1. Considering only residues that are modelled with pLDDT under 95 and surrounded by fewer than 15 Cβ atoms within 10 Å (Cβ to Cβ), look in segment 213-227 and name the one that is nearest to the chain's Cα centre (by Cα).
2. Taking residue 36 and the conditions (1) part of a helix (DSSP H, G or I); (2) within 13 Å of residue 218 (Cα to Cα); (3) under 18 Å from the mean Cα position of the chain (by Cα); (4) not charged (D, E, K, R), which numbered condition does it fall short on, given that it satisfies the others?
3. For segment 116-126, enumerate the residues that are in contact with a helix residue (DSSP H, G or I) (Cβ under 9 Å, 6 or more places away or on another chain) and part of a helix (DSSP H, G or I).
4. Kindly indicate whether residue 94 is in contact with a Lys or Arg (Cβ under 7 Å, 6 or more places away or on another chain) and either over 26 Å from residue 183 (Cβ atoms) or small (Gly, Ala, Ser) (or both).
5. Looking only at segment 117-139, which residues are in contact (Cβ under 8 Å) with a residue 60 or more places away in the chain and either crowded, with 22+ Cβ neighbours inside 10 Å or β-branched (Val, Ile, Thr) (or both)?
6. Please specify each residue of segment 60-78 satisfying the condition of being among the charged types (D, E, K, R), surrounded by 15 or more Cβ atoms within 10 Å (Cβ to Cβ) and at pLDDT below 95.
7. Considering segment 88-106 alone, what residues qualify as being within 11 Å of residue 62 (Cα to Cα), among the small types (Gly, Ala, Ser) and in a loop (DSSP other than H, G, I, E, B)?
8. Take the conditions at pLDDT 95 or above, of a type in the set (A, V, I, L, M) and either within 17 Å of the chain's Cα centre (by Cα) or not in a loop (DSSP other than H, G, I, E, B) (or both) and apply them to residue 52. Does it pass?
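The values are calculated or read from the model by the stated rules, or taken from the named source; none is laboratory data. Keep in mind it's a predicted model, so treat the numbers as computed, not measured. Please note: Cβ atoms are built from the backbone with ideal geometry, for glycine as well, and neighbour counts cover all protein chains shown.
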Amino acid sequence: MINSLLNKIRLDDRAGELDAPTTTNARREVIANKPFLKRLYRDWYKRVTEGLSITGDEKILEIGSGAGFIKEQYANIITSDIMPLDQCDMVVAAEELPFADCELSAIIMVDVFHHIPEVGRFLSEAQRVLKPGGKIKMVEPASTWFGRIIYRGWHHEPYDAETSAWSFPSTGPLSGANIALPWMVFQRDRDIFHSNYPALKINKISYHTPFLYILSGGFSFRSLLPGWAFGIATLIEAILTPLHPILAMFHTIEIVKTESKRDEEQ
């Protein structure tokens, strides 16, 4: 079964059907049938929910939920995707969030930010709909020394760190991308970010996952290790923590909406 699912995703990519709902659902099945990859996603869900109140009445929105399974861990989170999918609560475009001012406690996403064609519009919307003290938390590809090698030479998604634009043509939810966007917005253009969105503050950037995703095989290849080996591989990566700013393929970015512009400036 897993071979047929992986082959389907490869064929859809080659045929230009990567953005079809069937491909997103096939990716969801891949995660369900690859224990190592599913454990990696559980780790990423833990990272984007850490420090959030997810058991009460707080409204937390996940953007780009289609292939994931966050409801298995956190039933109260509102799931969404840009296309209608049975597994998601809402159809939501990141640039036009259907929420009132200061309605959300948090916005979370895994491997989604670099697929948003107009991230500037998303950040404006996030600044509007988040409560003071609310957070944006995301796991995204990291532009470390090792990450750049992998994403430039071995990944199918575009990596353009030379452009000054925070946008790209909207070809589709999966095919449209610029893997360099998180680095561009939150590191290279950090001062521009804080100037354009004065109520949003970059609170923390944490590097992690240098090799786990490669070992999982991702959505195109079989896992190199069984699910039971995930804990061992995680311990090895923990030993390499001092090297994560050089080797990490992913990072968790935490942005906080401040009480006021004055708080942000302090």
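1. 220
2. With respect to (1) part of a helix (DSSP H, G or I); (2) within 13 Å of residue 218 (Cα to Cα); (3) under 18 Å from the mean Cα position of the chain (by Cα); (4) not charged (D, E, K, R), residue 36 is out only on (3).
3. Step one: filter segment 116-126 for residues in contact with a helix residue (DSSP H, G or I) (Cβ under 9 Å, 6 or more places away or on another chain), giving 116, 119-120, 122-124.
The answer is 119, 120, 122, 123, 124.
4. no
5. So in segment 117-139, the residues in contact (Cβ under 8 Å) with a residue 60 or more places away in the chain come out as 119-120, 123-124, 126-127, 130-139.
The answer is 119, 123, 126, 130, 134, 135, 136, 137, 138, 139.
6. Just the residues of segment 60-78 that are among the charged types (D, E, K, R), to begin with: 62, 71-72.
Checking the rest, the ones that are also surrounded by 15 or more Cβ atoms within 10 Å (Cβ to Cβ) come to 62, 71.
The one that is among the charged types (D, E, K, R), surrounded by 15 or more Cβ atoms within 10 Å (Cβ to Cβ) and at pLDDT below 95: 71.
7. If the condition is that a residue be within 11 Å of residue 62 (Cα to Cα), among the small types (Gly, Ala, Ser) and in a loop (DSSP other than H, G, I, E, B), then 94 is the only one that fits.
8. Values: at pLDDT 95 or above: no; of a type in the set (A, V, I, L, M): yes; either within 17 Å of the chain's Cα centre (by Cα) or not in a loop (DSSP other than H, G, I, E, B) (or both): yes.
Criteria not met by residue 52.
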